[in-house]
Amino acid sequence: MLTPQPESLVREPTQTATATPPAVDAEDSVAMKYLSARVPKSLRDELQHQAIREDRPVAQLVQDAVRLYLDQTASS
């Protein structure tokens, strides 16, 4: 006489809804790293105000400023 297979004690994982990552633009596909630096509070505040005036993220403003600085110092 055949006996049925015993049920496994380990449950199979159920499929759950996973969050889809946001779409990535071509310029956002560059590997990003955190740059940690201590700056005076007044400079940080000025940077945040400028970002608000230009309606841009602070990180983008910093990237543009550093890129401009590096380009200017490399050419001199």
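In order along region 65-75, the Karplus-derived 3J(HN,Hα) couplings, from 6.51 cos²θ - 1.76 cosθ + 1.60 at θ = phi - 60°, round to 5, 5, 4, 4, 4, 5, 5, 5, 6, 6, 7 Hz, and Gly and Pro are given as x. Placing L47, L61, L35 in order of accessible area, with the largest value first and a 1.4 Å probe, yields L35, L47, L61. Annotation for L43 and A59: the two label points, set 7 Å from Cα along the Cα-Cβ direction, are 2.1 nm apart. Here the extension length gained between S36 and S76 equals 11.7 nm, from 0.36 nm per residue of separation less the Cα-Cα distance. For region 28-74, the square roots of the Cα gyration tensor eigenvalues, ordered a ≥ b ≥ c, give a/c below 1.5, which places it in the rounded category.
The values are calculated or read from the model by the stated rules, or taken from the named source; none is laboratory data. Source: prediction; values computed, not measured. With ideal geometry, Cβ positions are generated from the backbone for all residues, glycine too; neighbour counts draw on all protein chains shown. Ligands, DNA and RNA are stripped out before the accessible areas are found, and what is left, the full protein with its side chains, is counted by its heavy atoms. Shrake-Rupley method; radii C 1.70, N 1.55, O 1.52, S 1.80 Å.
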